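Report on the structure given below.
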Amino acid sequence: MAERSESESRKLLGRLRETLAEDSAGQERLDRITHLIADSMGTDVCSIYLFRDADTLELCATEGLNPESVHQTRMRIGEGLVGRVARTKRAVNTPDAPSAKGFRFMPETGEEIFSSFLGVPVQRLGESLGVLVVQSKDARAYSEDEVYALEVVAMVLAEMTELGAFVGDGEGAMQARHTQQAMFRGSTGQEGAAEGRVYLHEPRVVVTNPISDDPHEELRRLQDAMDSLRSSVDEMLGAMGRGADKEQVKVLEAYRMFANSRSWVRRMEEDIALGLSAEAAVEKEQSATRARMERVPDAYLRERLHDLDDLSNRLLRLLTGQGSDTGAEVPENPILIARNIGPGELLDYGKKLRGIVLEEGSVGSHAAIVARAWAIPLVINAKRILTEALNGDPILVDGDQGIVHLRPEDTVATAFRDKIAMQTQAQARYASIRDKPAVSTCGYEVALHMNAGLMADLPSLESSGAEGVGLFRTELQFLTRASVPKRSELAAIYGSVMDAAKGKPVVFRTLDIGSDKVLPYMKPQDEPNPAMGWRAIRVGLDKRGVMRMQLQALIRAANGRPLKVMFPFIAQFDEFRDARQQLHDELAREEKLGHVLPSDVQIGAMLETPSLGFAPRQFFEMADFISIGGNDLKQFFFAADRENERVRKRYDTLNVSFLTFIEQIVNRCKESVTPLSFCGEDAGRPIEALCFAAMGMDTLSMRPASIGPVKSLIRRSDVSKLRDVIDEARGSGAQSVRPAVMEWLTGGGS
Ligand code: PEP
Ligand code: MG
């Protein structure tokens, strides 16, 4: 960029800084700024449009247009050239505005005499705050340098807006940011409602000095920060060692690539040369990255842009000295807000959290499993919440609808509290039937067990009234550690689980890793279809060491008590026979070593692939019990990825084909007198659970929080009549029996 325009730009930014320092009202500042910009850039017009609400832009200050139109002229996002800049987050530069695509003439502004138009987005960290426009009578095209210089000014405006520099009193004045109600629509990770205060997992960095008049000093600061950044990335990579998680290494390698990227650094150096401080330069590039992130359809490229975003955050923290731990106090009823979070970090926060909101995350993620185990309401995919929420803000989380209300108005908060009160009443109702059996009005009894995976889940055994633990997912102990746990550690944990169960049965499922559950210390497989790949029992049988160690730990934990072991993801008879034999071998070995054997050993299989439903009769006879892992079974039955919301929701659990398959499994188990249960998520959905019961299922295992609602519905319904309703619907050629079941339930369910 030319020396002259650099010094012009610095001069302009210097004046903007003076304006910021002056003790004047917000509107005065805005007016002065438009004057300064028009003067410095030699244009007839300079106007600032800011968002009045999420969709409406308002002309907030102008030099050159009709002053009467300030705070009168408004447009919706996407409307006219200004609206286009806001929507696309890209500059519009045209010498002949009236003939540009999307031009809309605003007569009250008197802009018809101005031909050329240059508009740039005012954005902070990818969030649109407004649009900065210059216009001239002559049909000039603004040079690249001028566009760039205006973007730098827009960046400073964005920071000033964020710092509240334009806030004022009276009609038409701008409101302070982060003070108004905002609603975010994400998706459900865990049901339930919670009210509390925001607690940011990683507080945002605040840039208080966007402008600097000493570019040399700022370049040096950027240089130093870049050096520290590069060496910290190198250190992290060096510490990974052999056998490290391939994905993590890939991310760090991308970090290293960006940290050494000349073009990234050069852009920031240019920003500094034009008068920005080092941190403002980093943020300006970060904003551009985020805007790009929204436009890139390719998931891989988007991930890389995320990496660059992370790296920018690190750089900002280095420059501002603001660590990720600001010492902010955890508020009462904390609602955690994060972009994403690992299960380990979540476990560190413990159960004190009232709710969790993630900008990303997925239903099948480990964090979601932990949140579900604790029944903490979780909303995922709440886009942009991190740019809006401040520590301590009041917040309502509606996990049922996947909606979050930030700084809610009273009417919203009141309606929400009513909802919580209703849920509390329902909880009280469930508590009153806690010790009663789940018997339908026609006398059909269903045993309700709970799913667990953490020691912390065990107290729910008593509070929920579950008859036992129908599925103990042992992988959580492996997922939340940095290395393979020792046999003695596992034996101690399993022993405590049995102690806490106080004689109620616990079904331990052996390690189910692979697919979405990748252990941090295991070499991930490069598989195109991990859900159908090398996972669960397939790993256990191929790499026997870990499974043997786990079986030994289970035998020792039982220490003379009954033991129930279940092998996951059995797809054919031989796998079960083989795994079962392994357990028998370990029992013999433990006996030889002088350990006390369990008083009784029951060995079961999880039916998670359709193939096992067609296994030889001998399999059903050999298994001491079978549990249907509906989450996996459904995804393979319908060929619909359980983590892909788009296809997952297409196929109803109450689809006639699926229910008929369940019925077939029920009948095969009846023939061989093999106890059968269902332990996928659907077992915890009252209507699904009731239909499973109608199909002859008499044991269900679910999240503890679901036991009350499921039991309550079973106790109110006539399961044998429901069976008639289902059979009639099946005979009618319906795709799903749900409409018929719903109609019957609405009529009283009896
Ligand atoms: C299932 O697949 O239904 C199941 C219970 O196992 P997981 O969800 O752990 O794969
Ligand atoms: Mg499964």
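What follows draws every value from the coordinates through simple rules; no lab data is involved. All values reported here derive from a predicted model rather than from experimental measurement. Glycine also receives a Cβ, built like all others from the backbone with ideal geometry; neighbour counts cover every protein chain displayed.
Between the DSSP loop rule and a limit of at most 12 other Cβ atoms within 10 Å, which chymotrypsin sites (Phe, Trp or Tyr not before Pro) in region 76-159 are left?
PHE105
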Query raised in the report: How large is the helix-only mean residue ellipticity at 222 nm for the chain, computed as the sum of -39500 (n - 2.57) over DSSP H runs with n ≥ 4, divided by its residue count, in deg cm²/dmol to the nearest 500?
Result: -14500 deg cm²/dmol
**Report entry** Net lengthening on full extension, ASP698/THR208 (0.36 nm per residue, minus Cα-Cα)
**Finding:** 170.1 nm
Query raised in the report: So which of LYS89/LYS137; LYS486/LYS564; LYS502/LYS564; LYS352/LYS419 end up more than 23 Å apart by C-alpha?
Result: LYS89/LYS137
Query raised in the report: With the Cα gyration tensor of region 362-488 giving a ≥ b ≥ c as the square roots of its eigenvalues, does the rule (a/c under 1.5 for rounded; else a/b larger than b/c for prolate; else oblate) give rounded, prolate or oblate?
Result: oblate
**Report entry** DSSP-defined antiparallel bridges as percent of all bridges, the chain, nearest 5
**Finding:** 55 percent
Query - Under 12 Å, Cβ to Cβ, from ASP53 - net charge with Lys/Arg +1 and Asp/Glu -1 - result: +1
Report summary line: Taking 0.36 nm per residue of separation between ALA431 and SER720 and subtracting their Cα-Cα distance, the length gained on full extension comes to 101.4 nm
Query - region 382-431: relative contact order in percent, alpha carbon pairs under 8 Å with at least 6 residues between - result: 25 percent
**Report entry** Residue-count net charge about GLY468 - beta-carbon cut-off 11 Å; Lys, Arg +1, Asp, Glu -1
**Finding:** +2
Query raised in the report: Using a Förster distance of 25 Å, how high is the FRET efficiency between ASP727 and GLN602, based on the Cβ-Cβ distance and rounded to 0.05?
Result: 0.15
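For LYS649 and GLU294, calculate 0.36 nm times their separation in residues minus their Cα-Cα distance, and state this gained length in nm to one decimal.
This chain segment gains 125.3 nm when fully extended.
For ALA734 and LYS504, FRET efficiency with R0 = 35 Å and r from the beta-carbon atoms, rounded to 0.05?
Numbers: r = 40 Å, r/R0 = 1.13.
Efficiency, from the Cβ-Cβ distance: 0.30.
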Requested in this report: Mind running the shape call on region 3-162? Use the C-alpha gyration tensor, a ≥ b ≥ c as the square roots of the eigenvalues: rounded below 1.5 for a/c, prolate if a/b tops b/c, oblate otherwise.
Outcome: rounded
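Share of antiparallel DSSP beta bridges in region 432-746, in percent to the nearest 5?
The antiparallel fraction comes to roughly 15 percent.
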Query raised in the report: Over region 3-162, what is the mean sequence separation of C-alpha contacts under 8 Å (at least six apart), divided by residue count, expressed as relative contact order in percent?
Result: 20 percent
Query raised in the report: Roughly how many Å is it from the Cα centre of region 424-446 to that of region 65-90, as a whole number?
Result: 59 Å
**Report entry** Student exercise, region 179-328 dipole from Lys, Arg, Asp, Glu Cβ charges, in Debye to nearest 20
**Finding:** 400 debye
Query - Cβ charges +1 (Lys, Arg) and -1 (Asp, Glu), total dipole of the chain, debye - result: 2920 debye
Requested in this report: Send over the semi-axes of region 432-746's equivalent ellipsoid, whole angstrom and largest first, taken as the square roots of 5 times the C-alpha gyration tensor eigenvalues.
Outcome: 33, 22, 18
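Arrange the peptides 396-402, 483-489, 554-560 so that the one whose residues have, on average, the most other Cβ atoms within 10 Å appears first.
My ranking of the peptides, most packed first, is 396-402, 554-560, 483-489.
Which pairs, out of LYS250/LYS649; LYS250/LYS383; LYS351/LYS634; LYS250/LYS543; LYS383/LYS523; LYS250/LYS634, put more than 29 Å between their alpha-carbon atoms?
LYS250/LYS649; LYS351/LYS634; LYS383/LYS523; LYS250/LYS634
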Requested in this report: Treat every Asp and Glu Cβ in region 3-162 as -1 and every Lys and Arg Cβ as +1, leave all other atoms uncharged, and give the resulting dipole magnitude about the Cα centre to the nearest 20 debye.
Outcome: 460 debye
